[in-house]
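Asker: Here it is: the structure, laid out below.
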Amino acid sequence: MTEKNPYRYGPTRGELWFWLVLSAGGLGLIAVALFSRGIPTGPALVEVVGIAGLLFGYLAARSVKRLIRNEHP
């Protein structure tokens with residue numbers, strides 16, 4: 001049997017860099033919004049900081065991990 005790349009259907013190196021830049025920009029925009037408007041109260045805190053922060057943070061961490069480990073085709 002031949003040795004196949006287990007990551008052949010995953011995102012390419014260029015896509016991982018794109019997601020890393022996009023998520024860094026998103027985290028930056030969240031930081032600017034928090035700095036200019038202050039920390040929101042109530043449900044806006046969960047929406048702005050929690051959901052968006054987790055999404056962009058996850059995308060950034062996943063991209064960095066895959067780029068370091070060469071987990072791309």
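The values are calculated or read from the model by the stated rules, or taken from the named source; none is laboratory data. No experiment lies behind these values; they were computed from the predicted model shown. Cβ atoms come from the backbone with ideal geometry, glycine included; neighbour counts cover every protein chain shown. Surface areas here come from the heavy atoms of the whole protein model, side chains and all, with no ligands, DNA or RNA. Shrake-Rupley method; radii C 1.70, N 1.55, O 1.52, S 1.80 Å.
Asker: Expressed as a rounded percentage, what relative contact order does the stretch 19-73 have, with Cα pairs under 8 Å and six or more residues apart?
Answerer: 54
Asker: Taking the Cα centre of the chain as origin, sum charge times position over the Cβ atoms of Lys and Arg (+1) and Asp and Glu (-1), and report the length of that vector in debye to the nearest 20.
Answerer: Its charge dipole is roughly 200 debye.
Asker: How much of the accessible area of the chain, in percent, comes from carbon and sulfur atoms when a 1.4 Å probe is used?
Answerer: Reported share for carbon and sulfur atoms: 69 percent.
Asker: Follow-up. Going through the stretch 1-64, which chymotrypsin sites (Phe, Trp or Tyr not before Pro) have at most 10 other Cβ atoms within 10 Å and a DSSP loop state?
Answerer: 9
Asker: Just in the stretch 1-51: which GluC sites (Glu not before Pro) are loop by DSSP and have at most 16 other Cβ atoms within 10 Å?
Answerer: 3
Asker: Using only Cα atoms, find the angle between the long axis of helix 13-37 and the longest principal axis of the chain, and express it within 0 to 90 degrees, rounded to the nearest 10.
Answerer: 10
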